[in-house]
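Student: Take this structure, written in structure tokens, and hold onto it; I'll ask about it next.
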Amino acid sequence: MNIRRLPLLLSISICSNAAAFSPVSFKYTALHISSYSQQETHRQLISHASKISNSALFETNDLNNDAPNKLPIEMNGKEVQVPKKEEKFDTSQITDLLSKLYTNISSGDFGTRGEVYFAGQIALVLCIFYGNIPLIGDLITFIFGPCTCAIGAIVAGLGVKDLGSNLSPFPKVPSNTDLVTDGIFEEMRHPIYAGLMYFCLGISIWSGSAMRTLLAGFLWYLLDKKSDYEEKTLLDRFPSYKGYKLDVKGKFFPERLMEAMPWVSKD
């Protein structure tokens, strides 16, 4: 028997015995019963609310530990986002990648895997980043800059000298000209065009201008097309020009110079 209910039972017993003789006692007993009922109901509500709160707390903790993603949890009529559990960084993939790279680098016999090509590749890339070739960069710039300009001026000057009165700025041959095949024309068929291209290329290298180098390339292409048109008019006017082309194969470079280049096959 719950001892806390003893006053209630006593009050009821007293009430039952004295109700007929004292209205005041009956009224007092009724008020006491009502007050006790209200206190008991309030206590039960607090206990029930505490149980609900603890149950919600346990459910929230379980979701925080187990849920892979953020899930909406409804508490007290509002949605609460449960944060995703942090994942640890996995270094096994990086370790495997480094292991495979080391295996690729160390495989094969040294000197038989094309190391020379790789070394040249690295050297050229570093020189491009540096903007020059250490120790010999200035010498190369001088050779392909001022020297190329001087060679171009000399070749073009010899071509103008040998043409003499046959000189014309247009590719179509005038009617009162003669075919010139001696002098500098014995080495190349278009020395004036070649000298102009050498000179402009030398200026581009000397000044270190990428735009001038690009424009020199366009000039080379234009003069190549112009010389093809000029040779068609020469064939129409001078049938012997066909034999001259067979004898002098160099268009802008002397044939003997081209054959001396290391990349030209000697077969």
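What follows is calculated from the coordinates using simple rules that are stated; it is not laboratory data. Remember, predicted model here, so these are calculated numbers, not experimental data. All Cβ positions, glycine included, derive from the backbone under ideal geometry; neighbour counts span all protein chains shown.
Student: For the range 136-259, report the convex hull volume of the alpha-carbon atoms normalised per residue, in Å³, without decimals.
Tutor: Dividing the Cα hull volume of the range 136-259 by its residue count gives 104 Å³.
Student: A further question follows. Hey, got a sec? Which chymotrypsin sites (Phe, Trp or Tyr not before Pro) in the range 106-212 land in a DSSP loop and have at most 15 other Cβ atoms within 10 Å?
Tutor: F110
Student: Right, next: Taking the range 165-267, which trypsin sites (Lys or Arg not before Pro) meet the DSSP loop condition and have no more than 14 other C-beta atoms within 10 Å?
Tutor: Taking the range 165-267 and a limit of 14 other Cβ atoms within 10 Å, the loop trypsin sites (Lys or Arg not before Pro) found are K172, K249, K266.
Student: Past 19 Å, Cα to Cα, is the threshold; run K172/K251; K172/K249; K161/K225; K172/K245; K161/K245 against it and keep the listed order.
Tutor: From the list (K172/K251; K172/K249; K161/K225; K172/K245; K161/K245), the Cα-Cα distance tops 19 Å for K172/K249; K161/K225; K161/K245.
Student: Given +1 on the Cβ of Lys and Arg, -1 on the Cβ of Asp and Glu, and no further charges, what dipole in debye does the range 136-259 carry about its Cα centre, rounded to the nearest 20?
Tutor: 340 debye
Student: Under 14 Å from the Cβ of G243, count the other residues' Cβ atoms, weight Lys and Arg +1, Asp and Glu -1, and hand me the total.
Tutor: Local charge sum for G243: +1.
Student: Let me ask something else about it. Using +1 at the C-beta of Lys and Arg and -1 at the C-beta of Asp and Glu, which of L163, Y198, I184 has the Cα lying farthest in the positive direction of the dipole of the range 154-240?
Tutor: Positive-most Cα among the choices belongs to Y198.
Student: Measure off 7 Å from each Cα along the Cα-to-Cβ vector at N104 and L257, then give the distance between these two points in nanometres to one decimal.
Tutor: 4.5 nm
Student: Only Cα pairs under 8 Å and at least 6 apart count here; give the relative contact order of the range 136-259 as a rounded whole percent.
Tutor: 34 percent
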